[in-house]
Every structure is written in structure tokens, then in C-alpha cells.
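Sending over a structure as C-alpha cells; questions will come in a sec.
The values are calculated or read from the model by the stated rules, or taken from the named source; none is laboratory data. Note that the coordinates shown come from a computational prediction; the quantities given were computed from them, not determined experimentally. Ideal geometry is used to build each Cβ from the backbone, glycine not excepted, and the neighbour counts take in all protein chains shown.
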Amino acid sequence: MSDHNPFPGENNTGHIWDDNIRELANPIPRWWMIGFWASILWVVGYGILYPMIPSANDYTKGVTGWSQIGEFQQGVDEVEAVRAQFEEQIAVKSAAEILADDGLSTYAVNSARVLFGDNCAACHGAGGAGNSGFPVLADDDWLYGGKVENISLTITNGRKGMMTAQGALLKPEEVDALATAIVKGTVADEPLYKTKACFACHGMDAKGNQALGSANLTDAVWRFDEEDRLASAKYTIIHGVNAPNDPQSREAVMPSFKDRLSESDIKKLSVYVYKLGGGQ
Amino acid sequence: MNDIQNKIPTSSVDELYAEAGHWHINTGEETIHAKRVKGKWRTLKWWANSFWLIFFLGPYLRWDDRQAVLFDIPNRQFHIFGATLLPQDFFLLALLLLFFAILLAVVTAVAGRVWCGFFCFQTIWTDVFTWIEEKFEGAPQKRRKLENAPWNFAKIKTKVYKHSLWLIISVLTGISFTAWFVDAIDLWAGIVSFELGIVPLAFISMFILGTYILAGFMREQACFWLCPYARIQGVMIDNNTVLPTYDFIRGEPRGRVKKGQKEEDRTTGDCIDCNQCVAVCPTGVDIRNGQQEGCITCALCIDACDAVMEKVGRPKGLIRYESLDDLEGGESTPIYKRGRVWVYCGILTFALSGILYGLATLDSIQLKVLHDRQPLFVMQSDGSIQNKYRLKMLNKLKEPVSVTIEAIGPKNLVTVGIDKPVQLKPGTVTPKDVFVRVPRSDLKAESENIKFIIKGESSQGQLLRSDRTSVFIGPK
């Protein structure tokens with residue numbers, strides 16, 4: 001430190017070490033200071049307008065009353081307002097009426113896509129593609145009918161397939177003969193079909209009975225489709241479907257969605273499933 | 001310490017100081033008051049500036065019943081004269097941006113920062129603003145004096161006039177910009193009736209503020225510190241690029257004109273060190289230090305130097321458009337032999353042909369086909385295979401169009417859901433689900449092509465058609 005400043009005119013503070021190391025007093029640029037104070041003012045203004053300071057149980061609300069959740073709710077309300085006009089109509093119309101209305105059915109399909117993913121796709125596959133042991137919903141083969149009313153009823157009440165196990169009633173060669181005929185698609189002409197009373201459920205022409213949910217035995221779509229169709233047919237004949245006395249019986253159960261979904265949701269889903277490709 | 005200092009030869013330090021002496025960077029603490037001189041380049045600059053009249057007048061051109069060029073962002077439609085571009089055509093915009101980016105590159109490589117010096121809005125608006133400044137406050141010398149003068153009525157008056165005119169230009173700039181995005185007539189109606197929407201209002205305000213600050217106050221500082229293109233272009237220049245260049249071979253050593261000295265006795269170069277080139281420079285650089293980041297290659301120093309050379313009876317062109325190679329006695333590579341120019345031109349051609357192709361094939365209706373993936377195919381009870389498609393039919397017309405849909409593909413295909421014509425809503429996409437069934441015996445491969453065709457007719461009797469090829473997928 002010296003009284004005589006050897007470096008005049010450079011704005012040093014007078015603190016000088018080792019002859020030439022000195023502390024300069026260069027002010028921060030004005031634009032920077034303006035920005036600094038402006039940002040402090042900004043914080044104050046923000047604190048007045050918006051929620052900001054937390055306390056133990058609450059927080060300052062700000063004079064505008066804005067909140068993130070409020071903005072979100074507003075967005076949700078806007079969407080709901082758009083949906084409301086459709087939802088009101090869907091509530092009062094039947095599934096068939098919704099299907100007949102272009103705008104409503106488009107809305108129903110778009111809206112039901114999520115419902116299908118949440119409730120149906122686990123068994124029936126995305127887009128109704130089906131899964132091993134679970135029916136394809138995109139084809140035109142329907143055990144219980146492909147009209148939109150049938151589909152509604154299926155979703156509402158659920159379904160349970162039933163076929164008695166024939167293993168104890170038929171000889172192995174009879175099972176073979178029937179299964180072979182089914183694979184060929186000519187089971188209606190097989191004498192055993194009549195004598196063993198298969199026709200009682202599957203119909204005289206073997207095309208099934210939708211009121212009972214019995215399968216069409218002559219078409220290309222199989223309820224229990226496996227690589228080896230002959231073996232699959234034999235297994236079903238021997239063990240039946242949901243047969244109480246046979247633990248190896250095939251399972252075919254769809255639960256009821258009456259208590260899980262609203263009526264409107266079921267209608268929307270019915271239209272969605274109908275439009276997957278096989279509605280009749 | 002002192003010992004070390006004593007060992008350094010003073011001459012070498014002096015050299016360093018001399019080099020650094022040029023290195024003055026103006027970070028805005030000094031307002032550049034450039035002198036305005038008449039000349040060839042000044043005239044050319046005004047002509048180049050007038051290019052921006054399109055910006056002010058363009059929005060008032062009409063085409064049919066709408067604005068000729070309108071970038072209607074809220075409705076996602078770009079109207080450019082007869083053509084309407086929807087978001088689906090945005091690859092054209094990408095190509096257009098590519099075209100202009102490369103155009104900037106090639107022009108810079110050949111002739112320097114032509115954009116900066118002659119066409120950039122920052123340069124031009126600043127030029128106009130300083131022109132107004134000169135009208136009210138006088139030549140640079142007077143302006144500097146006024147800056148330091150105490151505030152009195154006369155000073156306030158000139159300042160108010162100047163700033164009002166600046167603001168009027170800023171307002172017009174803001175409105176003109178916004179008028180490219182909102183119908184100009186609606187915009188003016190909104191302004192006059194004070195019923196402007198918040199978005200146009202915000203944009204106009206932003207542009208008023210931006211123009212006023214950038215052209216009025218930041219000026220060359222924007223080129224120095226704000227603009228990325230200035231930096232990018234700076235590195236595109238090479239030794240072959242023609243730039244406003246000071247001929248240091250002819251000019252050095254500089255020396256003032258001495259009265260009474262005969263021309264043949266002169267020991268100095270042609271530069272008389274009058275500093276006129278610095279005085280006229282809008283960014284305040286000294287071109288005699290060579291090409292530098294501050295130089296926007298506006299060529300105004302050429303005008304100034306030529307005028308002085310004429311006065312002192314020496315040949316013009318001491319500062320002229322010249323490449324470094326030419327100046328140093330070499331020869332610059334001809335344009336057609338420069339690899340960069342070829343590459344740039346190749347990209348330009350690619351972008352341009354893409355744009356032309358896009359515009360030529362711009363249809364009024366457009367079909368897109370999405371093949372449903374879940375499931376890829378479904379077997380029907382009769383053993384045939386069904387595929388599901390979502391057709392997205394875009395109608396760019398302002399009227400609804402009724403179209404018929406047909407599919408051409410594997411033998412014996414049957415379509416479901418398209419027996420009736422479909423009504424396409426105007427200006428948007430109409431989706432339609434279509435099922436196609438093919439008997440399994442007619443499927444030759446796991447995946448076969450299928451072509452969808454939509455046909456319709458506009459109210460003017462114009463035939464509309466669009467097709468799209470998709471795939472029909474069956475079991476292995």
C-alpha cells in the first residue's frame with residue numbers, strides 16, 4: 001500500500017502488492033445492472049401476481065388466482081364441453097342408433113379405443129386380433145351373434161361356453177371320425193353327427209346356434225384354433241367346454257362388465273367392436 | 001522482476017503494441033455516426049434496399065377473393081398466389097429453407113457478405129433510420145455536438161421529431177410483418193376499430209419494439225454481437241472471394257498530401273490517410289486493416305475512397321472489390337473451377353428441382369393409406385383373408401368433393417365399406433375405414449401390392465384423382 005499511486009488513470013483502488021499486482025475498481029456494465037435490478041423487480045411482480053411463497057400448510061395465492069392445476073382443470077373442462085354433446089346423445093340412444101349416425105359412431109370408436117385397451121385387449125388382443133384361447137373380434141364369425149345388440153349383451157352380461165365332455169360317451173374311433181369330418185368341413189354329412197346328437201346344439205347343418213353360443217363347425221374360423229386342428233377337435237370333443245365333471249375341459253368364459261363399465265361405455269365399446277371388421 | 005523486464009528487448013514489445021493498436025472494438029459505448037457520400041455503390045444500395053418495398057406492399061396484393069400471399073398459421077394453410085399449401089406439403093418449406101441457406105453460402109463464397117451489405121433488414125432499416133437522423137440533426141459532426149449539448153427546447157424538438165418518425169416506421173414494419181400472416185384488410189379494420197386480437201397485437205408490438213431498438217439504437221452492434229449469420233458468413237470467405245479490399249501494395253506507406261510537393265518526388269503510397277473510408281463506414285471499421293468481422297461488405301468505403309482519389313488526381317480503385325489472391329499478385333481460381341461452388345450449386349439444384357416437382361404435383365385431393373397393423377390380417381369364416389385400411393383423404397379445395405374409391409390388387413378382391421361415394425369436407429382430411437377381402441387361394445405371396453384410387457370432380461368440372469399403393473398381407 002502506498003500513498004503514491006504508480007498506476008494513475010486506470011481506476012485502481014490503491015491496493016498494490018508486489019509492485020504491480022493491484023485491485024481495479026471496474027464497475028459492472030450498466031446494462032448488466034439494469035438486468036439485475038429488473039430481474040429482482042420481476043420476482044417481486046411475480047410474487048404479487050402468482051402463487052409463490054410456501055408456508056407450513058398453505059402458500060401465497062397471488063392476486064391473479066392462477067394455479068397450474070386450475071389451468072389443467074380448465075383444459076379438461078374445455079375437452080369435456082366438446083365431448084358433452086356427444087355423450088348426451090350416446091346416453092339416450094341405443095347402440096344401433098349410434099352405429100347408424102356417422103358423427104356419433106366416429107366419436108364412439110375414437111373414444112372407445114382407450115376403453116378397449118383397458119378392458120378388452122388383455123384377452124382379445126389389441127385391435128381385436130385375438131389370442132390363443134380367446135376369440136378374434138375382427139372377423140365375421142360370431143358365437144353369440146354379430147349384431148351390435150348381441151355385442152352389447154355379451155359385454156354387459158358376459159358369456160360362458162358349455163359343451164359336455166364326450167370322452168366317456170364316444171369310442172376313440174368315433175371321436176376320430178367326427179374330428180376328421182370337422183377338419184374337412186363335412187361333419188353334417190357324418191352319420192355319427194346325427195346318431196350321437198351333436199346336432200342338438202350345433203344344428204342340423206352344423207352351422208351352430210347363436211342363441212346357445214354353439215360353434216359353427218363348417219367354417220374356417222375355429223374357436224379353439226391350434227396348429228394341429230385334428231388334435232384340437234378331438235380334445236374339444238373328449239373334454240368338452242367348461243364341463244364341470246372334467247378337470248381338463250376347455251375354458252371359455254367372458255366376465256360380465258355390467259358393474260365395471262357405464263352403459264354409455266358399453267354402447268361405445270359395442271360400436272367399436274362392431275367396426276373392428278366383422279359386425280353384421 | 002526488474003531484471004526480467006530489462007532482458008526483453010523493447011523493440012519486440014513495441015511491435016506487439018503496434019499490432020494491438022488497431023484492435024479497437026466498439027462494444028456500443030460509442031455511437032457510430034457514419035458520413036453519407038454519393039457514389040456508384042450508394043446508388044446500388046438504394047436500389048437493393050427497394051427490394052424491401054415488397055415487404056410493405058406485398059400483403060395488399062389480392063388473388064381471387066383472398067390475399068395473394070398469406071401464411072395463415074391459425075388455419076394451417078399457406079396461400080401463395082394460386083397455390084395452397086397445407087401442412088402435408090411442408091417438405092417444400094424445408095427445401096425452400098435449404099435453398100436460401102445454400103444461396104447465402106454460395107453468394108458469400110463468391111462475393112462476400114452481399115446479404116449483409118445490400119439486403120439485410122438490419123442494414124437497411126439502420127440505413128433509413130440514420131438517413132432520417134441526418135435530416136433532422138445534420139451531418140455526423142453536428143450530431144456528435146448535439147449528443148454532448150445540454151438539453152434545451154431545440155434539442156428536445158429535433159429528438160422528438162426523429163423518434164416519432166422512427167416509431168412510425170417501426171409501427172408500419174410491425175403491421176406489414178403481421179399482414180403476411182393475417183389478412184391485411186382485416187388487420188387494418190381491427191387496428192382502426194381497436195378490436196385487434198391479442199396475437200396480432202403482441203406481434204405488432206414486438207416488431208415495433210424490435211425495429212425501434214435494433215435499428216435506432218443497437219445498429220452495427222447487432223451485426224457484431226447478435227447476428228449468428230455474420231459469424232457464419234465470416235468463415236465462408238476464402239482467398240478467392242471478391243470483397244471490398246484496400247490495395248495495401250499501392251496504398252502503403254500512407255502519407256498526408258504535402259502542399260507543394262511534386263507527384264514524382266512522393267515517397268509515400270497512394271493512401272493519403274484521410275480516414276474517409278472509416279468516416280463513411282456504418283459499422284465503424286477501418287477497411288485498411290483487411291477483411292474483419294465488423295465489415296458487412298457494403299462497399300460504401302469504395303465510394304468514399306474513389307471520391308478522394310479523384311480529388312487528389314490519383315487512380316481510383318485504391319479500395320475496390322478484389323480477392324486476396326488477385327491483390328497479392330496471384331490469380332484467383334475461376335468460379336467454375338471452385339469445388340465449393342459446384343457443391344453448393346448441386347445442392348441448390350436439388351432443392352430447386354424438389355420444390356418445382358412438389359409444386360407441379362400439388363394435387364387438389366390427396367390420398368394416404370394406412371394399413372391396420374393390429375391385426376395385420378384376419379381370416380373370415382369363409383376362409384378369405386381380410387385386411388383393414390384407413391384411407392385419409394385430403395381435400396384442399398374450398399368446396400366439398402364427392403369421391404369414389406376403388407382398389408386394384410390381388411385377384412377376386414372384394415371391398416367392404418366403399419360402395420357409396422364419400423363426401424370430402426373442404427380444406428381438411430376425411431378418414432374412411434375400408435376392408436378388403438381376398439380368397440386365400442388367390443393370394444400368391446405373404447405381402448402383395450394393392451392400389452387405392454380416389455376420383456372426383458370439382459364444381460368447375462376439373463377432374464380430381466389421387467392414388468396410393470399399400471400392401472395386402474396374408475398368412476405365410
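Which of (1) under 18 Å from B:ILE418 (Cβ atoms); (2) more than 14 Å from chain A (Cβ to nearest Cβ); (3) touching a Pro at 6+ places or on another chain (Cβ under 9 Å) does B:LYS388 not meet, given it meets every other one?
(2)
Somewhere in region A:90-101, is a residue within 14 Å of chain B (Cβ to nearest Cβ) and in contact (Cβ under 8 Å) with a residue 12 or more places away in the chain?
yes
From the list B:GLY330, B:GLY317, which one is under 30 Å from B:ARG256 (Cβ atoms) and assigned to a loop (DSSP other than H, G, I, E, B)?
Values: B:GLY330 fails: under 30 Å from B:ARG256 (Cβ atoms).
It is B:GLY317.
Out of the residues in region A:235-274 meeting the condition of being touching an Asp or Glu at 6+ places or on another chain (Cβ under 7 Å) and over 17 Å from A:SER132 (Cα atoms), tell me which one is surrounded by the most Cβ atoms within 10 Å (Cβ to Cβ).
A:GLY240
Also, quick follow-up: State all residues of region A:1-36 that are within 30 Å of B:GLN221 (Cα to Cα) and in a loop (DSSP other than H, G, I, E, B); if no residue qualifies, say none.
A:GLY9, A:GLU10, A:ASN11, A:ALA25, A:ASN26, A:PRO27, A:ILE28, A:PRO29, listed by residue number.
Just one of A:ALA112, A:ALA84, A:ALA108, A:ALA138 is outside the structural domain of A:LEU217 (by TED's automatic domain parsing) and assigned to a loop (DSSP other than H, G, I, E, B); which is it?
Values: A:ALA112 fails: assigned to a loop (DSSP other than H, G, I, E, B); A:ALA84 fails: assigned to a loop (DSSP other than H, G, I, E, B); A:ALA108 fails: assigned to a loop (DSSP other than H, G, I, E, B).
Exactly one residue qualifies, and that residue is A:ALA138.
Which pairs do you get when a residue that is free of Cβ contacts under 8 Å to residues at least 40 places away in the same chain, found in region B:257-270, comes within reach of a residue that is in a loop (DSSP other than H, G, I, E, B) and of a type outside the set (S, T, N, Q), reach meaning Cβ atoms under 6 angstrom, with the pair 6+ apart or on two chains?
Final answer for the pair search is B:THR268/B:PRO253; B:THR268/B:GLY255; B:GLY269/B:GLU252; B:GLY269/B:PRO253.
Counting only residues that are polar (S, T, N, Q) and at pLDDT below 90, how many does region B:442-465 have? Working first, answer last.
Step one: list which residues in region B:442-465 are polar (S, T, N, Q), which gives B:447, B:449, B:458-460, B:462.
Adding the requirement that they be at pLDDT below 90 leaves B:458-460, B:462.
Total satisfying the criteria: 4.
Ok, one more. For A:ALA206, are the conditions met, namely being modelled with pLDDT of 90 or more, within 14 Å of chain B (Cβ to nearest Cβ), touching a helix residue (DSSP H, G or I) at 6+ places or on another chain (Cβ under 9 Å) and farther than 29 Å from A:ALA108 by Cα?
In short, yes.
Still on this structure, please answer the following. Give me the residue from region A:135-152 that is more than 13 Å from every other protein chain (Cβ to nearest Cβ) and in contact with a Gly (Cβ under 8 Å, 6 or more places away or on another chain) and, out of that set, surrounded by the most Cβ atoms within 10 Å (Cβ to Cβ).
A:ILE151
Can you tell me how many residues in region B:372-399 are touching a strand residue (DSSP E or B) at 6+ places or on another chain (Cβ under 7 Å), crowded, with 17+ Cβ neighbours inside 10 Å and not hydroxyl-bearing (Ser, Thr, Tyr)?
15
From the list B:ILE302, B:ILE347, B:ILE319, which residue is within 27 Å of B:LEU104 (Cβ to Cβ), surrounded by 15 or more Cβ atoms within 10 Å (Cβ to Cβ), out of contact with any Phe, Trp or Tyr (no Cβ under 7 Å at 6 or more places or on another chain) and at pLDDT 90 or above?
Only one candidate qualifies: B:ILE347.
Ok, one more. Filter region A:169-185 for residues that are closer than 17 Å to A:ALA220 by Cα and in contact (Cβ under 8 Å) with a residue 24 or more places away in the chain; which is surrounded by the most Cβ atoms within 10 Å (Cβ to Cβ)?
Once the filter is applied, the top-ranked residue is A:ILE182.
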